[in-house]
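Only one structure is covered here, and it is reproduced in the block below.
Values in this text are rule-based calculations from the coordinates and carry no lab data. All of these numbers come straight from a predicted model, not from anything done at the bench. All Cβ positions, even for glycine, are placed from backbone atoms using ideal geometry, and neighbour counts span all protein chains on display.
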Amino acid sequence: MTVREMNITELADACTREMENYRLGAVHDDQYWLELFHRAIVEGDSEAWQMVQERLTPTVMRWMRHHHKRSSACLLESEENYVALAFARFWQAAVHNRKLQFTSFAAVLHYLYASLNGAILDTLRTYTHSQEVALPELDFAGEPSVEDDNDTDLLEVILKFLPNPKEKRLAYLLFHCGLKPREIVLHCPREFETVKDIYRMRRNIIERLQRQIELIRWQLAH
């Protein structure tokens, strides 16, 4: 049976065997992995892409757990989210850059690792560069502006008025980290699926805070 004649499951099983040979430094055959990637990327076979992720997720997770920025990165997102982002970046690059061609399994792994590394560093960079608090425009007219340490105080008070954990998380990302809805969907796809959902939740959050404005003002004063 030729590689082209193999179904997806047979091909994926062969890939797993060859990957074990690769890890052991033994003789291995790249044709199975290259065929699986060809079907997933070039032919757009969703089942093939699903198998790529299934068979390589343990490897990417192992990279994640040994990454030198893991401790800092995991304060912001889960390991699972970084792995998902790595595959998403890999897919986008492979599909949209026709000049990107893989001639060996090692090249595939190298680019996949670069995708994970990019996901980690971009997330850290985004959060680091978003230190300026962009709190919702509540009606504090005539009162001193909130700056520096008081930013944290205001954020903490605001979060007390949001009983829903998901709304608390979104408020933190929007108002403390300064992320835009599209950036939140990109970095937290498992938590927030669409930009539309984020705008709806943001509107609900602000309306709730507006109704509690006097209590918020009172707590900040004490």
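Which of 172, 22, 199 comes first, and how do the rest follow, when ranked by fewest Cβ neighbours within 10 Å?
The order, fewest Cβ neighbours first, is 199, 172, 22.
Considering only 93, 124, 82, whose Cα is most displaced toward the positive end of the charge dipole of the range 3-128, charges sitting on Cβ of Lys, Arg (+1) and Asp, Glu (-1)?
Checked the options; the winner is 124.
With the contact rule set at Cα under 8 Å and sequence spacing of 6 or more, what percent relative contact order holds for the range 149-221?
Reported as a whole number, the value is 38 percent.
To the nearest 20 Debye, how big is the dipole of the range 1-93 about its Cα centre, given +1 on the beta carbon of each Lys and Arg and -1 on that of each Asp and Glu?
Roughly 560 debye, rounded to the nearest 20.
Could you calculate, for the range 3-128, the ratio of the Cα radius of gyration to the Kirkwood radius, expressed as Rg to Rh?
0.99
Rounding to the nearest 10 and keeping the result within 0 to 90°, find how far the Cα-based axis of helix 46-66 lies from the longest principal axis of the chain.
70
Please report, in debye to the nearest 20, how large the charge dipole of the chain is about its Cα centre when each Lys and Arg carries +1 at its beta carbon and each Asp and Glu carries -1 there.
Roughly 140 debye for the chain.
Determine the relative contact order of the chain: mean sequence separation of Cα pairs under 8 Å and six or more apart, normalised by residue count, in whole percent.
In percent, rounded to a whole number, it is 16.
Angle, helix 79-96 long axis vs. longest principal axis of the chain, Cα atoms, 0 to 90°, nearest 10?
Once rounded, the angle reads 60 degrees.
For Cα pairs less than 8 Å apart in space and 6+ apart in sequence, what is the mean separation divided by the residue count of the range 3-128, i.e. the relative contact order in percent?
Reported as a whole number, the value is 23 percent.
Helix 105-128 sits at what angle to the longest principal axis of the chain, using alpha carbons and giving 0 to 90 degrees rounded to 10?
The helix 105-128 is inclined about 10 degrees to the chain.
Identify which of 176, 187, 96 has the largest mean-square fluctuation in a Gaussian network model of the chain, with springs joining Cα atoms closer than 10 Å.
96
Of 174, 154, 194, which is farthest along the charge dipole of the range 149-221 in the positive direction, counting Lys and Arg as +1 and Asp and Glu as -1 at C-beta?
194
Can you find, among 31, 61, 206, the residue farthest towards the positive end of the dipole of the chain? Put +1 on the C-beta of Lys and Arg, -1 on that of Asp and Glu.
Checked the options; the winner is 31.
Tell me, what is a quarter of the convex hull surface for the C-alpha atoms of the chain, in nm² with one decimal?
One quarter of the hull surface, i.e. the mean projection, equals 15.1 nm².
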